[in-house]
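Just below is one structure, and these are the notes that go with it.
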């Protein structure tokens, strides 16, 4: 049941980026939503059409206007972290609910947050970490939802049930090896995202220095070795996760833990021995999780796939909106 006046009035700040365009496309077809404004990340940009959205969106992207944003019931922030750190408190003060796709409000420890997101000096009241499958109760009453990063979304959906069940040996390395499509690097052009640099190649980056590690470690309560790679795809993430389980852990216990955790989760699909691929989840809000287990060595290898722009960004943000409003969480995402 909708807890708000129908249709729910929503606005987007940062609608010109990849995640923002995905948000605009999905929200425009959401049956319970009215888009009141779609804005760029800056008040200095001119209003302009978006040719890529011509089939689904007839409006124009406006310059950022804080007063107009505050006319909505919900505002999605798809802007850089520093901009979100300034915008979100103003919107909350105006009584607007905020769903933030940046990292500005994800980290609870002040020292860790200062290292990775220095523009966020304080966390506002009512912040919830937006991993719906594991934080639903807090999300339902949140004033500000900090949507997880794309890499942590995949890793945490795979590992959280097993950590909470006490099956993972956290004294051993937890290794997350990730491959992401180029859209994960954002829309701003750089040598890293240039076609001639990426076509026919694959490159590691952010090794032992990627900010998403803090998010994973905060949720799992252990150290994580994380190595991301860019691959020549436009979208999608595949993570291969290596852990050791505790003595006596069985294949049945692993399957039962994951099955129980996601029994009622419409967007998590457990594939077992049939390891997932990016093409199975591209353009969807699904997270597919498969695994192989060797009882003799206690080695567990998990393979997780999501679309970085949908489940890793815009789709997950809309899933959070649905939970707060009391909609079926699949609304607008099927």
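Values for this structure:
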| quantity | calculated |
| --- | --- |
| Which listed residue is in contact (Cβ under 8 Å) with a residue 40 or more places away in the chain, more than 22 Å from residue 249 (Cβ to Cβ), crowded, with 20+ Cβ neighbours inside 10 Å and out of contact with any helix residue (DSSP H, G or I) (no Cβ under 8 Å at 6 or more places or on another chain), from 324, 278, 318, 306 | 278 |
| Scan of segment 232-245 for residues that are modelled with pLDDT under 95, more than 18 Å from the chain's Cα centre (by Cα) and crowded, with 18+ Cβ neighbours inside 10 Å, ordered by number | 233 |
| Any chance residue 148 is surrounded by 24 or more Cβ atoms within 10 Å (Cβ to Cβ), within 16 Å of the chain's Cα centre (by Cα) and not in a helix (DSSP H, G or I) | yes |
| Test: residue in segment 253-262 that is in contact (Cβ under 8 Å) with a residue 12 or more places away in the chain and not in a helix (DSSP H, G or I) | yes |
| Extreme residue, modelled with the lowest pLDDT, among residues of segment 198-228 that are touching a strand residue (DSSP E or B) at 6+ places or on another chain (Cβ under 8 Å) and farther than 28 Å from residue 129 by Cβ | 198 |
| Whichever residue in segment 281-303 is crowded, with 19+ Cβ neighbours inside 10 Å and either out of contact with any helix residue (DSSP H, G or I) (no Cβ under 6 Å at 6 or more places or on another chain) or not assigned by TED's automatic domain parsing to the domain that holds residue 178 (or both) and, among such residues, is farthest from residue 140 (Cα to Cα) | 300 |
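For every residue, the table says whether it meets (1) in a loop (DSSP other than H, G, I, E, B); (2) surrounded by fewer than 20 Cβ atoms within 10 Å (Cβ to Cβ); (3) at pLDDT 95 or above.
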site: 1; (1), (2), (3): yes, yes, no
site: 5; (1), (2), (3): yes, yes, no
site: 10; (1), (2), (3): no, no, yes
site: 19; (1), (2), (3): no, no, no
site: 52; (1), (2), (3): no, yes, no
site: 76; (1), (2), (3): no, no, yes
site: 79; (1), (2), (3): yes, no, yes
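The values are calculated or read from the model by the stated rules, or taken from the named source; none is laboratory data. This one's a predicted model, so the numbers in the text were calculated from it and none came from an experiment. Quick reminder, even Gly has a Cβ in these numbers, built from the backbone with ideal geometry, and neighbours come from all protein chains shown.
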